[in-house]
Amino acid sequence: MLSARINWPVSVHLSVEVPLPRRVPRPAPRRVSRTRAALAALLGAGLTASLALTAGPAHAGSPYTVTPLTFTVRAGGRTCAVDADLYRPAGADRAHPAPAVLATNGFGGSKSDGSTDAIGKAFAERGYVSLVYSGLGFGHTGCLISLDDPGIDGRAASRLVDFLGGKRAADDGTRADFVTLDAPGDPRVGMIGGSYGGAIQLATASADHRVDALVPLITWNDLVYSLDPNNAAGARDVPGAFKWQWTNGFYLSGESQPITVPNLDPSRINSLACLHFVTDACDTVHTLDSGGYPADRTARMLAYARSVSPTTYLSRVQAPTLLVQGQADTLFNLNEATASYRTLKAQGTPTALIWQSWGHSGGINDPAAGELNLVQGNLESSYVGRRILAWFDRYLRKDTHTDTGPAVAYYRDWITDPTRTYATADRVPALGRTLYLSGDGTLADSPAQVTRGSRGYTNWPVPTSHSDNSLAGTLGLPDPGPFDTKGTYLAWTGAPLSGDLDVAGAPQITLRVLSPQAERTQNSSDAADKLVLFAKLYDVAPDGTQTLVHRLVAPVRVPDVTKRFTVTLPGIVHRYPAGHRLRFVIAASDDAYVGNRGIKPVTVVSAPGDTGVLRLPVVGG
């Protein structure tokens with residue numbers, strides 16, 4: 001089962017956010033350039049921004065020093081140098097050791113990125129020894145890009161944990177004898193970072209149980225679901241619809257590293273056919289770009305993508321983990337962190353889950369008022385920041401009296417008071433309200449209200465629906481609003497709501513479609529011949545204006561069109577105001593994805609006892 005297919009619990013208990021104890025806020029640095037921060041988001045650097053803090057032997061007037069270090073490591077069969085900066089707080093020495101924080105960059109970035117550097121600064125100012133480094137294949141660190149592989153990137157990070165534990169020196173002989181130890185060679189160390197710098201934490205903790213606490217932000221659970229999503233339940237081995245914009249943005253930025261960051265280190269070069277990634281990563285992208293899914297290549301692609309995904313190795317993660325995921329994220333949506341949360345919780349690993357406002361899409365370079373902004377260093381003055389500080393206080397400072405907060409929290413953009421924007425719960429919200437797809441194109445409240453009828457659509461050779469332009473949007477270029485072309489989609493619209501309807505979580509739809517053409521081709525040896533469709537939920541205002549919440553859609557490659565199937569949509573947190581209407585849509589295509597091969601008309605039949613069923617995770621009254 002892919003990472004987004006979730007069995008929801010039966011109940012949820014809600015409360016208004018009770019802020020954790022505040023600390024004294026520090027002055028915020030200057031604002032980040034929107035354009036460069038957006039470019040960083042395009043390259044997958046989930047927390048990367050353009051502000052670079054001055055580095056050197058010491059910071060005048062600041063309570064820490066910064067020392068550039070290099071570590072020679074063996075990773076993926078190659079020997080290479082890891083470029084790092086050590087932030088040492090004033091007063092930390094052998095007699096007065098301090099716990100440590102380890103961090104690395106988002107995809108396409110380096111240790112000098114605004115947010116990566118800001119992590120070192122922020123936690124050194126708060127008394128932590130901080131070690132930030134450029135990940136394998138980025139900045140001035142050698143070796144190939146290996147997608148946070150626990151056996152490569154994770155083991156390389158473990159060598160840095162060795163340094164923090166006093167087991168090894170940096171290449172220049174520097175030793176860290178000022179880090180709190182739990183045992184000889186075992187430092188008290190946590191990790192924090194976003195996107196690519198988030199998954200590395202889980203990879204490292206799976207390979208090295210000396211890591212004591214994790215805070216992965218806006219990262220993935222399953223790269224198969226992230227880059228080639230199939231939201232149909234029970235279709236783990238059926239590839240989905242290729243998310244070509246995001247994937248090729250990553251790929252091109254990675255392959256261009258030897259040019260954009262000149263480095264003659266031979267450990268950074270693979271071959272002319274695959275310059276800067278490990279071969280398996282290039283083969284995966286080439287398979288996706290080919291437009292086909294032959295059985296042998298598809299099996300290798302799925303196996304490799306999952307081998308570098310937490311979904312495969314979370315069972316080995318024991319470190320307490322605070323998962324933070326963004327609601328505005330068409331790359332790694334809320335279902336990713338929710339899947340990781342459920343796995344960790346089920347195996348007894350201490351964990352908590354926060355759905356914050358910003359992710360890779362849109363607001364990453366301009367968080368809402370009161371939201372976490374690591375470049376500004378607003379840890380004490382933001383809800384997520386205070387939760388992070390409490391997490392590290394509890395598990396790194398071993399302050400057993402620290403309350404780490406509720407199990408689940410989520411941001412509500414309809415609340416204007418920034419001190420009340422988060423609601424909290426003791427579990428992930430459950431599926432509650434049920435609606436039915438009627439033959440007349442309405443959403444009925446009960447099966448008895450369903451009218452008999454059938455409607456259909458067909459796909460064109462080119463995409464006819466639009467949800468999100470990942471490339472243009474992250475670069476600040478114009479991106480048209482979501483739309484669907486007449487005749488290429490079906491919609492079911494509910495009656496105007498009599499009161500506000502708050503949805504928090506991943507809606508589900510169970511339906512059956514008829515497609516004789518797809519039925520004839522779906523048993524082909526190439527899975528690309530199966531039917532593809534896109535499910536989504538709109539909010540329709542009284543004036544007819546419709547909004548696709550955070551531009552999220554659920555691509556589906558239907559395993560078998562002769563059977564009913566269930567689709568888990570991306571999680572949302574959204575208020576449908578009184579007077580608005582819900583609209584459920586299935587569309588033939590989406591221009592952010594590679595869709596159907598061939599023309600495959602689709603018909604949906606509804607009858608009172610046999611119709612599609614939409615379930616919503618409704619919270620509040």
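The values are calculated or read from the model by the stated rules, or taken from the named source; none is laboratory data. This structure is a prediction, so every number in the text was calculated from the model and none was measured. Backbone-built Cβ (ideal geometry, glycine too); neighbour counts: all protein chains shown.
Which is surrounded by fewer than 18 Cβ atoms within 10 Å (Cβ to Cβ) and farther than 15 Å from A592 by Cβ, of L497, L477?
Values: L477 fails: farther than 15 Å from A592 by Cβ.
None of the other options fit; the residue is L497.
Entry remark, the range 301-330: residues being closer than 18 Å to P239 by Cβ and among the aliphatic types (A, V, I, L, M) number 5 in total. Assess whether P478 counts as being without any contact (Cβ under 8 Å) to a residue 40 or more places away in the chain and part of a loop (DSSP other than H, G, I, E, B). So P478 fits the description; yes.
Based on what the data block shows, is A448 in the same structural domain as D468 (by TED's automatic domain parsing), over 30 Å from G487 (Cβ atoms), touching a residue at least 40 places away in the same chain (Cβ under 8 Å) and not polar (S, T, N, Q)? So A448 passes the test.
When T311 is tested against (1) among the polar types (S, T, N, Q); (2) in the same structural domain as G106 (by TED's automatic domain parsing); (3) over 22 Å from the mean Cα position of the chain (by Cα), exactly one condition is not met: (3).
Would you confirm whether or not the range 366-378 contains a residue that is in contact (Cβ under 8 Å) with a residue 12 or more places away in the chain, within 30 Å of D445 (Cβ to Cβ), assigned to a loop (DSSP other than H, G, I, E, B) and of a type in the set (D, E)? Scanning the range 366-378 turns up no residue that is in contact (Cβ under 8 Å) with a residue 12 or more places away in the chain, within 30 Å of D445 (Cβ to Cβ), assigned to a loop (DSSP other than H, G, I, E, B) and of a type in the set (D, E). Scanning the range 80-128 for residues that are surrounded by fewer than 24 Cβ atoms within 10 Å (Cβ to Cβ), in contact with a helix residue (DSSP H, G or I) (Cβ under 8 Å, 6 or more places away or on another chain) and of a type in the set (K, R) turns up R88, R126. In the range 527-553, the qualifying residues are those that are part of a strand (DSSP E or B) and among the hydrophobic types (A, V, I, L, M, F, W, C), and the one that is farthest from L331 (Cα to Cα) is V540. Restricting attention to the range 401-424, the residues that are crowded, with 21+ Cβ neighbours inside 10 Å and not in a loop (DSSP other than H, G, I, E, B) add up to 6.
Within the range 151-177, residues that are in contact (Cβ under 8 Å) with a residue 24 or more places away in the chain sit with their Cβ atoms under 8 Å from residues that are of a type in the set (F, W, Y) and part of a helix (DSSP H, G or I), at 6+ positions apart or across chains, in these pairs: A170/F163; A176/F163. Might you check whether a residue that is in the same structural domain as I119 (by TED's automatic domain parsing), at pLDDT 95 or above and touching a Leu at 6+ places or on another chain (Cβ under 6 Å) occurs anywhere in the range 392-404? Scanning the range 392-404 turns up no residue that is in the same structural domain as I119 (by TED's automatic domain parsing), at pLDDT 95 or above and touching a Leu at 6+ places or on another chain (Cβ under 6 Å).
Within the range 462-474, identify whether any single residue is in a loop (DSSP other than H, G, I, E, B), touching a helix residue (DSSP H, G or I) at 6+ places or on another chain (Cβ under 8 Å), among the acidic types (D, E) and in the same structural domain as A592 (by TED's automatic domain parsing), and answer yes or no. Before the answer, list the steps.
Let us first name the residues in the range 462-474 that are in a loop (DSSP other than H, G, I, E, B), namely 462-464, 467-469.
Checking the rest, the ones that are also touching a helix residue (DSSP H, G or I) at 6+ places or on another chain (Cβ under 8 Å) come to 467-469.
From the residues that got through so far, the ones that are among the acidic types (D, E) too are 468.
Subset that is in the same structural domain as A592 (by TED's automatic domain parsing): 468.
So far as the range 462-474 goes, yes, one or more of its residues are in a loop (DSSP other than H, G, I, E, B), touching a helix residue (DSSP H, G or I) at 6+ places or on another chain (Cβ under 8 Å), among the acidic types (D, E) and in the same structural domain as A592 (by TED's automatic domain parsing).
Rundown of residues vs (1) in contact with an Asp or Glu (Cβ under 9 Å, 6 or more places away or on another chain); (2) without any contact (Cβ under 8 Å) to a residue 40 or more places away in the chain; (3) more than 18 Å from G326 (Cα to Cα), yes/no style:
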position: T180; (1), (2), (3): no, no, yes
position: A183; (1), (2), (3): no, yes, yes
position: G194; (1), (2), (3): no, no, no
position: R210; (1), (2), (3): yes, no, yes
position: L227; (1), (2), (3): no, no, no
position: N230; (1), (2), (3): no, no, yes
position: R236; (1), (2), (3): no, no, yes
position: G240; (1), (2), (3): yes, no, yes
position: G249; (1), (2), (3): no, no, yes
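If you go through the range 492-511 and keep only what is within 21 Å of A444 (Cβ to Cβ), in a loop (DSSP other than H, G, I, E, B) and touching a Ser or Thr at 6+ places or on another chain (Cβ under 9 Å), you end up with G494, A495, P507.
Just to be sure before I move on: is G598 more than 29 Å from G359 (Cβ to Cβ) and either surrounded by fewer than 18 Cβ atoms within 10 Å (Cβ to Cβ) or in contact (Cβ under 8 Å) with a residue 12 or more places away in the chain (or both) in the structure I sent? Reasoning before the result, please.
Numbers: more than 29 Å from G359 (Cβ to Cβ): yes; either surrounded by fewer than 18 Cβ atoms within 10 Å (Cβ to Cβ) or in contact (Cβ under 8 Å) with a residue 12 or more places away in the chain (or both): yes.
Yes.
Yes/no per residue for (1) out of contact with any Ser or Thr (no Cβ under 6 Å at 6 or more places or on another chain); (2) buried (at least 24 other Cβ atoms within 10 Å of the Cβ); (3) not assigned by TED's automatic domain parsing to the domain that holds V408:
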| position | (1), (2), (3) |
| --- | --- |
| A541 | yes, no, yes |
| H550 | yes, yes, yes |
| V558 | yes, yes, yes |
| F565 | yes, no, yes |
| L582 | yes, no, yes |
| A587 | no, yes, yes |
| D590 | no, yes, yes |
| V594 | yes, no, yes |
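Against the list (1) surrounded by fewer than 24 Cβ atoms within 10 Å (Cβ to Cβ); (2) at negative phi; (3) modelled with pLDDT of 95 or more, the condition A368 fails is (3). Taking the criterion of being under 26 Å from P184 (Cβ atoms) and part of a loop (DSSP other than H, G, I, E, B), the residues of the range 91-123 that qualify are G91, A92, D93, R94, A95, H96, P97, P99. Could you tell me whether S524 is over 31 Å from the mean Cα position of the chain (by Cα) and touching a residue at least 24 places away in the same chain (Cβ under 8 Å)? In short, no.
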